[in-house]
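K.L.:
If you scroll down you'll find the structure; I have some questions about it.
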Amino acid sequence: MSTNDPQQQQMIREAMKAIAERRPGKTKLVYDKNKRTIVAVAENSNTVSALNITAEDADMFGVLTLTSRWLEDRWSALKEKGTLSIPLSAWDGGDAFTLHDIGVQGAATAVEGEIFIGESRQSDSQHSVRLFLAAVDPSTPPAPARFVAPDGTVYKASSQFSKDGVTSELDVEFVDIQPALDKRRIGILETSVLADTKVVLAGVGTGGAYAAVELAKCGVGHFALIDPDRLSVGNVVRHPGGISQVGRLKVNVVRDLILEKNPDARVDVYPIPVSHENLGVVRDVVRGANVVICGTDNRPSKLLLNRLCVEENVTAVYGGAFRRAYGGQVLRVRPKETLCYQCFVAAMPEESADAEISSEEEAAAVAYSDRPVAVEPGLSLDVQPIANLLTKLAVLELLKGRSTSLSLLNRDFDAPWYLWLNRPEPGTQYASWPPLSESRDEMTINRWYGVYIERDAECPVCGHFIAGTAAALGIDLASLGELPSEPPKN
Ligand SMILES: [Zn+2]
């Protein structure tokens, strides 16, 4: 109630109370659509006492949302017949109606509405939702319910919803989705700077799915998702997908989440593992990508993807949580410029092995016959910081060579490997870290640490493995002549 007049406030209270108590007569509230005002009308009285109700007060009325583009596309058909049916999703018992295909996830309840051109609202339409377009002066200022037809005529829309014999008004809003989304990113990211970029996500579990949704919000235009798994009930406490998506392939769940944030994105899905059998397919997907995000949960797939990305000269970022997500790490590989994942495994075998175990399959993969390994997934809350840096490094890679506010971060994030601790986990080398509040110069939890690690000159993927091995063994390669390109045939 936004009116400051105590007398008007009292009138509304009394009328509301009478309605709530279903007392007939006395006073009733009537909403005047044109004035966007609620009026209280006393029994046997023709005097209408207008109350100053603002748009916020009118939020008690339902909303009908559709896109200008949808109506523009069907304008000639509507003009010809004077009427048009409109597929709607009905939400919350009729509190909100949206164009059914405005996003990928429609409501469980679908309703067919009808649109009419003209002032008359005395239609014999059998549809429960009716939308009327009345021509108005072209100088009418822009408003949510204003629609400009392809022929330049300006209309103001109004709508009614009938249920159980009661008809109520609905506010109408025309939205232009992509411009509205772009506008919100101005200043940090120039409107459509990421629309032409392609991101590959290998693994769309919790971290990969989080990254995908965030990148969609940033306006990334092309995604390729690789993951053979289905969403299980156990995933739901961490994955952005919810209970109603259980059983679906994760690539499809995440594709829909992306399209809910960026409806113009192109999303290619590959429900396959990153494995030697799929080498050709994965190489084709990686080739030409601007960045690859690796969130797969096993080392062989990471090593394979690393090899492909180095060979195809595509930057890759690898994210992983430690056991029960007490911390995590992010590795960025710029081929032939920084160390690669293979170098990392050679340089820091413990860090590359201390992976979180979040599924029965992973537990089985590392369990020994005499030592069962428990499934120890961490909290979503503890995975988020890692997924967040993973995503941010990917965005910096996409913005390479462009000047934006985010480019300032290139100075800060210039190391190849990043470490984050959520808690000083007992039994780890981090257990003795000082409390966050007492530390000045020492390392603490809840801070990112960039670590500089050299490339392995003899790395079999990104270095000179043969030359290095030969030198270590004291063999002069030049003296051997040309090496055979194929193994000898017996
Ligand atoms: Zn390497």
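K.L.:
Hand me the list of helices (runs of 4 or more DSSP H) wholly inside region 272-362 holding 1 or more residues that are more than 15 Å from Arg455 (Cα to Cα) and either of a type outside the set (Lys, Arg) or modelled with pLDDT under 95 (or both).
P.N.:
Ranges flagged: 279-286, 299-311, 349-353.
K.L.:
Considering (1) of a type outside the set (S, T, N, Q); (2) modelled with pLDDT of 95 or more; (3) over 19 Å from Ala321 (Cβ atoms), say which one Lys250 fails and leave the rest.
P.N.:
Going through (1) of a type outside the set (S, T, N, Q); (2) modelled with pLDDT of 95 or more; (3) over 19 Å from Ala321 (Cβ atoms) one by one, Lys250 breaks only (3).
K.L.:
Return the residues of region 460-482 that are among the acidic types (Asp, Glu) and within 16 Å of the ligand (Cβ to nearest atom); say none if nothing qualifies. So that I can check it myself, show each step before the final result.
P.N.:
Quick first cut of region 460-482, residues among the acidic types (Asp, Glu) only: 476, 482.
None - no residue of region 460-482 is among the acidic types (Asp, Glu) and within 16 Å of the ligand (Cβ to nearest atom), so the list stays empty.
K.L.:
Got a sec? Which of Leu304, Leu257 is within 30 Å of Ile177 (Cβ to Cβ) and surrounded by 19 or more Cβ atoms within 10 Å (Cβ to Cβ)?
P.N.:
From the options Leu304, Leu257, the qualifying one is Leu257.
K.L.:
Same structure again: Go through the residues of region 444-459 one by one and say whether even a single one is within 16 Å of the ligand (Cβ to nearest atom), surrounded by fewer than 15 Cβ atoms within 10 Å (Cβ to Cβ), assigned to a loop (DSSP other than H, G, I, E, B) and in contact (Cβ under 8 Å) with a residue 60 or more places away in the chain.
P.N.:
There is at least one residue in region 444-459 that is within 16 Å of the ligand (Cβ to nearest atom), surrounded by fewer than 15 Cβ atoms within 10 Å (Cβ to Cβ), assigned to a loop (DSSP other than H, G, I, E, B) and in contact (Cβ under 8 Å) with a residue 60 or more places away in the chain.
K.L.:
Identify, from the list Asn388, Asn410, Asn422, the residue that is under 37 Å from the mean Cα position of the chain (by Cα), buried (at least 16 other Cβ atoms within 10 Å of the Cβ), more than 16 Å from the ligand (Cβ to nearest atom) and under 23 Å from Tyr341 (Cα atoms).
P.N.:
Exactly one residue qualifies, and that residue is Asn388.
K.L.:
Then there is this: Which condition from (1) more than 16 Å from the ligand (Cβ to nearest atom); (2) buried (at least 24 other Cβ atoms within 10 Å of the Cβ); (3) among the β-branched types (Val, Ile, Thr) is the one that Val285 breaks?
P.N.:
(2)
K.L.:
While we're here: Would region 429-436 turn up any residue that is more than 16 Å from the ligand (Cβ to nearest atom), in contact (Cβ under 8 Å) with a residue 12 or more places away in the chain, farther than 26 Å from Leu308 by Cβ and of a type in the set (Gly, Ala, Ser)?
P.N.:
Filtering region 429-436 down to residues more than 16 Å from the ligand (Cβ to nearest atom) leaves 429-436.
Now restrict to residues that are in contact (Cβ under 8 Å) with a residue 12 or more places away in the chain: 430, 433.
Imposing the further condition that a residue be farther than 26 Å from Leu308 by Cβ reduces the set to 430, 433.
Those left that are additionally of a type in the set (Gly, Ala, Ser): none.
No.
K.L.:
Could you please tell me which pairs satisfy a Cβ distance under 7 Å, a separation of 6+ or placement on different chains, a first residue in region 94-113 that is at positive phi, and a second residue that is loosely packed, with under 15 Cβ neighbours inside 10 Å and not in a loop (DSSP other than H, G, I, E, B)?
P.N.:
Close Cβ pairs satisfying both conditions: Gly94/Lys163.
K.L.:
Further, regarding this structure: When you look at Asp414, is it touching a residue at least 60 places away in the same chain (Cβ under 8 Å) and in a loop (DSSP other than H, G, I, E, B), yes or no?
P.N.:
no
K.L.:
Tell me yes or no: at least one residue of region 138-145 is touching a helix residue (DSSP H, G or I) at 6+ places or on another chain (Cβ under 6 Å), closer than 18 Å to Glu72 by Cβ and either of a type outside the set (A, V, I, L, M) or surrounded by 15 or more Cβ atoms within 10 Å (Cβ to Cβ) (or both).
P.N.:
No - not one qualifying residue is present in region 138-145.
The values are calculated or read from the model by the stated rules, or taken from the named source; none is laboratory data. For clarity, every value in this text was computed on a predicted model and none was experimentally measured. Every residue, glycine as well, gets a Cβ built from its backbone with ideal geometry; the counts of neighbours run over all protein chains shown.
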